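Structure record follows, encoded as C-alpha cells.
The values are calculated or read from the model by the stated rules, or taken from the named source; none is laboratory data. The shown structure was predicted, so the numbers you read here are calculated from the model rather than taken from an experiment. Neighbour counts are summed over all protein chains in view; Cβ atoms, including those assigned to glycine, are modelled from backbone coordinates with ideal geometry. What goes into the accessible areas is simple: the full protein's heavy atoms, side chains included, and nothing from ligands, DNA or RNA. Shrake-Rupley method; radii C 1.70, N 1.55, O 1.52, S 1.80 Å.
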Amino acid sequence: MITLNLIDSEDAEIKLTEEHFLPVLSNFILISNSEDKKNEISKPQLAIDHDVYRGSVEEASFKSLCQSKTILTVNGQYPGPTMYARAGETLVLEVENKGKDNVTIFCCRRQGRYLKSKQMKWLIEPGSKVRQNIRISDEEKGTLWWHAMNIWQSATVHGAFVVHPKPRTTPALPFSKPHADIPIILAGEWWKKDLKELVLEYIASGSDLMDSDAYTVNGQPGDFYPCSSNGTFNILVDTGKTYLLRIVNAAMGKTLHIGIAKHNLTVIAMDGSPVTKPFTTEYVQLNVQQSIDCIFEANQRPDYYYMVAEAYVDQTYDTNKTTTAIVKYQGNYKPSSPPFLPILPNNSNYHDDKSSSTSRKSIYVIMTFVILGLFICSIMFSVVV
C-alpha cells in the first residue's frame, strides 16, 4: 500500500490530526504501478519496493524579510519535502533538474555519517533527469536528511528523510505513541542577498561568508523579524495529547538551542538512533547537521506558547537572531499577547548575569572595606610599635 500526505508548505498553520502520525512520503509525485494505490492515503503501511517517486529541482520566488527573491527548491518548496520510508525497502527516486546549474543531491545524511546505500549522491545536469535506487538497510531507522552538496544550493535544497523500522520489529517503547509526528527543519537560514553571489564573493576574497539575515523554522523567521509575523509557523495542539518533533539543524555552521515555553522536551533519539535512556529537558542543543527526535505533552492551560530557536557561536549567543514558531492550544480562550517565551541558556544567563552582577558589586564593596580596614590597622600598629 502507498500512503501520501500532501502538505502545502505555504500554509504555515497546520492542524494536526491522527493521520499526520502515519508514515508518509509527502510532496513527492508518486508514479504508482497500480491504479488502486492512488487513493490510499490513510493506511499505516509505507510504499512497497519499486514504486517511483519524482521530484523537480526548480527556481521559485519566495518573500521573506520584506522582500522577494528567487531561490532554488525541490518541487517549489522551501524547505524541501519530507520523505518517509521503511527499513529494508528500496525507493526509486526520479529527479529532474529544471535549474540553470548542475545539482548534486546527497541522500541521506545524519551527523557524521551517511545512509548505508551505494547511491548516496548523484549529479543532475540542467535539463536532465536522473533515476536512482535508494536501498535502505535493515538497520537504518530514525530521522536523517537529504540536501544539495553545493554550499549555496544546500541552503534551500534540503529536507528531512524519516526511516521507520520494519513492521513487527520495533520493541516496546518506553512512552506512549504520540498523537502526531511533526517534521521540522529547524535551522534553515535566509539571506536577503543572492546567496550564489555571496558564495562567489567569499571564494574570491577568502573572507568569511556573510552571516545570514535570519534563521527559520520550516522556512519562516517568526514574529521577531520584520514583515514575518503573518507567516510564523504554528502548531495546533489539543490539551493532554503528545507530539513528536523531528528536528534537523540544516544551518551551515551554527549550533542552535530550541525550547518551548513552559513545556519540557523528552529526547528519544539523536542522529537517527534511539537513545539508550530517554531524558527530559527544558531545551535541546543541536549541532550542525544533527537531528533530534523529542516528544512534548500539551499539558499547560490553553494559550499561545513560543517555540524559540537561538544560535550559539563561540560561547556566545546571537540575540539579534531569535527565531520563533507558536504552539497554539485549541479551544475558546483569550490568548496572551505576546505569547509566553521559554528560558533558553542565553535568556537564563542574562537574568543570572543581572542578579550575579548585583551580588558581585556587593562583594566588591565589602572586600574594599575589609582591605581598607586591614590597611589602616597595619598602619596604626606600626605607629604604636
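Here are the numbers for this structure:
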read-out: Test result for Ser337, at pLDDT below 95, closer than 22 Å to Asn264 by Cα and part of a loop (DSSP other than H, G, I, E, B); value: yes
read-out: Residue match in segment 311-322 (condition: assigned to a strand (DSSP E or B), under 22 Å from the mean Cα position of the chain (by Cα) and at pLDDT 90 or above); value: no
read-out: Residues of segment 278-295 satisfying the condition of being in a strand (DSSP E or B) and of a type in the set (A, V, I, L, M, F, W, C); value: Phe279, Val284, Leu286, Ile292, Cys294, Ile295
read-out: Close pairs from segment 64-79: first over 19 Å from Ile151 (Cβ atoms), partner of a type in the set (S, T, N, Q) and in a loop (DSSP other than H, G, I, E, B), Cβ under 8 Å, at least 6 apart; value: Ser64/Ser228; Leu65/Ser228; Asn75/Asn27; Gln77/Ser9; Gln77/Asn27
read-out: Counted residues, segment 266-290 - those being in contact with a Gly (Cβ under 7 Å, 6 or more places away or on another chain) and at pLDDT 90 or above; value: 2
read-out: Any hit, segment 94-108, residues being in a loop (DSSP other than H, G, I, E, B) and at pLDDT below 85; value: no
read-out: Counted residues, segment 123-134 - those being open to solvent by 80 Å² or more (accessible area, probe 1.4 Å) and either in contact with a Lys or Arg (Cβ under 7 Å, 6 or more places away or on another chain) or assigned to a loop (DSSP other than H, G, I, E, B) (or both); value: 1
read-out: Number of the condition not met by Lys121 [criteria: (1) basic (Lys, Arg); (2) touching a Phe, Trp or Tyr at 6+ places or on another chain (Cβ under 8 Å); (3) at pLDDT 90 or above]; value: (3)
read-out: Whichever residue in segment 62-78 is open to solvent by 20 Å² or more (accessible area, probe 1.4 Å) and in a loop (DSSP other than H, G, I, E, B) and, among such residues, is farthest from Ser128 (Cα to Cα); value: Cys66
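For every residue, the table says whether it meets (1) surrounded by 16 or more Cβ atoms within 10 Å (Cβ to Cβ); (2) of a type in the set (Phe, Trp, Tyr).
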site	(1), (2)
Ser205	no, no
Leu209	yes, no
Tyr215	yes, yes
Pro221	yes, no
Gly231	yes, no
Arg246	yes, no
Asn249	yes, no
Ile258	yes, no
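Conditions tested, residue by residue: (1) over 24 Å from Ala311 (Cβ atoms); (2) within 17 Å of the chain's Cα centre (by Cα); (3) at pLDDT below 90.
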{"site": "Ala172", "(1), (2), (3)": "yes, no, yes"}
{"site": "Lys177", "(1), (2), (3)": "yes, no, yes"}
{"site": "Lys192", "(1), (2), (3)": "no, no, no"}
{"site": "Ser205", "(1), (2), (3)": "no, no, yes"}
